[in-house]
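Taking it in order: structure first as structure tokens, then the write-up.
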Amino acid sequence: MIGQTFQWLLDPANWTGQGGILAQSLAHLRYSFLALLAAAAVAVPIGLWVGHTGRLRWLAVNLTGAFRAIPSLGVLFIAVLLLLPRLRGEWAYEAPALIVLVLLAIPPILSGTYAGVQATDPAARDAARGMGMTGAQVLRQVEVPGALPLIMSGLRSAMLQIIGTATIAAIVGLGGLGRFLIDGQASRDYAMMAGGSIAVAALALLVDQVLALVQRAAVSPGLRHASAG
Amino acid sequence: MIGGVAWETLGELTLRHLYLAGVPLLLGLLVSLPLGWLAARSRWLQTPVVAGTSLLYTIPSLALFIMLPLILGTRILDDANVLVAMTLYTVALLTRTVADGFGSVPGHVRQAATAMGYGELRRVVSVDLPLAVPVITAGLRVAAVSNVSIVSIAALIGVSQLGMLFTDGFNRNAMGPIVVGVLACVVLAVTLDAAIAGLSKVLTPWLRSGAGA
């Protein structure tokens, strides 16, 4: 089995062309980053607002925990059954899956952002206020830079969630590396399934490591020193 | 019948789900305890152990279920693949928490135990471990809830548990079984979560004395 899987992975014919590993990796990345951006556009402002004002705190605290209990495969199927009859055109199959990807990515980003703002050193916040900064200035110049590492770690776990769910979304017709897993099973081609699995695992690791580098770069030098001490 | 699912079927699938999500929880705890302890104890081991185990968590579950037969030599439909995959995810989540838990034991408490003549192993088991329980069980609750959700994906490779209601409902274009399956998963997750929270309370009677602190 191992031999056949590597044979499949090493066969150039499986890498190039439409539906090849490269094209499907790009499709997977495109869906994933699109979903991450959309989720961040919703979750980061709400998280900043909750962290800054302290309102609706229970929501931010409980949201991630509650969402973790919801099985993504079930939500995916529900979304497709509900939305498919109402949609037309080439997006009809992709839209429900993309909506689910975005929905599942919101809680980790929101709670990361909220936790980051909350974790800002109260002394720094008081000093900023004492210097005469307005609420918006405190948010932009003190709380957001302080929150960046945790915002980034929220984005990282959201991205892992998205890449994984995008993989299983191949069952409802989404493109991407999940295709090899689902199509391989349909045609009882274990080498294709396993090869696709290795590719998707590698993609997830790669993206996570890239985001980890961004996370490291996002920490202000001053804070890096403080956390080391 | 509920949502087109026979109660008996629902019960069987729930038990299967509990088995596939719960056993790895125990196995994962058994592996993470020594790993986390090692990570908390030595500085230079901390980064590789914690980073190495959390790397496992980045692998998408469906991919892991399919890759494991390559490594284990099992067949794709074997329960072992799911049990091992879920154990790996549990270890990925728990090792860091266990390390944090052991790290949260105050140094003076450890020194007092040593001064009272406790050997290393006896101190870890009877002083460090009980004090680390609240942190460890917090991690265990996260792992339990996430395991229940992830196990359902194994339905795509044909391993029977509550996730089968999803694929079954989807193939028949029937919403009923899917909704029942989602609700059953959530109830199972919440129950496991509450059970571990309760266990944590029982294991840490000193935290309940309230005003005593």
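What follows is calculated from the coordinates using simple rules that are stated; it is not laboratory data. Since we're looking at a predicted model, the values are computed, not measured. Glycine also receives a Cβ, built like all others from the backbone with ideal geometry; neighbour counts cover every protein chain displayed.
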Translational diffusion coefficient (Stokes-Einstein; Kirkwood radius from C-alpha pairs) of chain A at 37 °C, 0.692 mPa s, in µm²/s: 169 µm²/s
Within the protein assembly as shown: Cβ-based charge dipole about Cα centre, in debye rounded to nearest 20 (Lys, Arg +1; Asp, Glu -1): 1020 debye
Residues A:Leu223, A:Leu22, A:Leu36, sorted so that the one with the fewest Cβ neighbours within 10 Å comes first: A:Leu22, A:Leu223, A:Leu36
Sparsely packed trypsin sites (Lys or Arg not before Pro) within the stretch B:1-95, loop by DSSP, other Cβ within 10 Å at most 11: B:Arg75
Percent RCO, i.e. relative contact order, over the stretch A:26-224, from Cα pairs under 8 Å lying at least 6 residues apart: 26 percent
Among B:Val50, B:Val91, B:Val179: highest mean-square fluctuation, GNM of chain B, C-alpha pairs under 10 Å: B:Val179
Per-residue [θ]222 nm for chain A (sum of -39500 (n - 2.57) over DSSP H runs n ≥ 4, rounded to 500): -25500 deg cm²/dmol
Cβ charges +1 (Lys, Arg) and -1 (Asp, Glu), total dipole of the stretch A:23-136, debye: 180 debye
Relative contact order (%) - criterion: Cα under 8 Å, at least six apart; region: chain B: 27 percent
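Mind sorting A:His52, B:His17, B:His108 by how few other Cβ atoms lie within 10 Å of their own Cβ, fewest first? Numbers along the way, then the final one.
Working: A:His52 20, B:His17 25, B:His108 8.
Listed from fewest to most nearby Cβ atoms, that is B:His108, A:His52, B:His17.
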Taking the C-alpha atoms of the protein assembly as shown, convex hull volume expressed per residue in Å³: 185 Å³
Charge-dipole axis of the stretch A:26-224 as Lys and Arg at +1 and Asp and Glu at -1 on Cβ define it, positive-most pick from A:Ile106, A:Gly176, A:Ala136: A:Ala136
